1. Taking amide hydrogens as modeled 1.01 Å from N in the peptide plane, which residues meet the under 5 Å criterion relative to Arg127, leaving out close sequence neighbours?
2. Counting only protein heavy atoms, what percent of the accessible surface of the chain is carbon or sulfur at a 1.4 Å probe?
3. Between rounded, prolate and oblate, where does region 164-305 land on the alpha carbon gyration tensor, with a ≥ b ≥ c its root eigenvalues, rounded for a/c under 1.5, else prolate if a/b exceeds b/c?
4. Of (i) 38; (ii) 14; (iii) 21, which is the value of percent of Cα pairs over 35 Å apart derived from the coordinates here?
5. Measure out, as a whole number of angstrom, how far apart the alpha-carbon centroids of region 73-142 and region 157-218 sit.
6. What does the accessible area of Ile216 come to, in Å² to the nearest 10, when a probe of 1.4 Å is used?
7. Helix 113-122 against the longest principal axis of the chain: what's the angle in degrees, Cα atoms only, rounded to the nearest 10?
8. Got a sec to turn the phi values of region 258-263 into Karplus ³J(HN,Hα) couplings, 6.51 cos²θ - 1.76 cosθ + 1.60 with θ = phi - 60°, whole Hz, x for Gly and Pro?
Amino acid sequence: MNLARLDLNLVVALRALLEERNVTRAGQRVGLSQPAMSAALARLRRHFGDDLLARVGGHYELTALGQVLLDRTASAYDLLERLFSSQADFDPAKETREFKLVASDYAVSVFGTELARLVHEEAPGIRLRFTQTPPTVIDNTATLLSATDGLLMPHGVISDFPSTDLYDDRWVFLVARDHPGVGDRLTRDDLAKLPWVTYQRTYDAPAVRQLGMLGIEPRVEVSVDSFQLLPLMIADTRRIALVQARLARLMAPIAAVRVLEPPYEAVPLREALWWHPVHTHDAAHIWLRETAARVGAGLPRADGE
């Protein structure tokens, strides 16, 4: 395919047509007349060799190919928009823009709050928008990164994208403060027998894989989509949970739990900021990455010392 012969304006038209499924509404959305949008649809149909929109009764529905293109077109549009908004120079004290970062509630709690504080002080026109990491992050990393400014994620879950390290953390266990069956130390037998509360996604994948290698299969009783809920699900129960030490320290005052060391040498956790290669040389993103690294370097150690 010769990209030089393609009209990139068709990407805008294609996205509008696939999402609106109506030529008139799609034209109004992008500022084209109905005849102009009909002409764009005809060109797209010739290019793909497919109707894309098929009339069913009094309305249009997407063809099988149109359905496939729906998500791909949105990702391509976002990527092109970010590509052409790249800047050669960036003055954080004067610029006005928004950075969208994808992160778990854990990362926002222990890192995002400090990043937002520093940005507020040094770049008052900059806005940060944190969104929850979707469960499809591993399968659709490229798509996710193409539509965002960065992803906060530990090493060991995704790879093959540029990243910068932010801070280190370690894994600890939580048990109820008055747990009747656990003393000052956990045993591997405790881990196998006691019920667990787990985070339902896979950010702790290296830690979970390690448990499997040790022959420990957690007996999951409760699964939640927030790391911050783990201590609350532990208090006044017989459950246990594996959680990051930094978050455990933050949550200790609001939940009746104890923090115990793992009965094995747990794999370390290193949080990083990942981004799409299209952002690598963009001045605004360079500033964001350098600021994030500076915030990470200024965090206290995971052991609180």
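The values are calculated or read from the model by the stated rules, or taken from the named source; none is laboratory data. A quick note: this is a predicted structure, and the numbers were derived from the prediction, not measured. Please note: Cβ atoms are built from the backbone with ideal geometry, for glycine as well, and neighbour counts cover all protein chains shown. Only protein heavy atoms, including side chains, enter the accessible area calculation; ligands, DNA and RNA are left aside. Shrake-Rupley method; radii C 1.70, N 1.55, O 1.52, S 1.80 Å.
1. For Arg127, the qualifying residues are Arg97, Glu98, Phe99.
2. Details: 8070 of 15570 Å².
So the carbon and sulfur contribution to the accessible surface is 52 percent.
3. On the way: a/c = 2.34, a/b = 1.94, b/c = 1.21.
Prolate shape, in that a/c is at least 1.5 and a/b is the bigger ratio.
4. Calculated percent of Cα pairs over 35 Å apart: the matching label is (i).
5. Cα centroid of region 73-142 versus Cα centroid of region 157-218: 29 Å apart.
6. 10 Å²
7. Compared with the principal axis, the helix lies near 60 degrees.
8. Rounded to whole hertz, the list is 10, 9, 10, 6, x, x.
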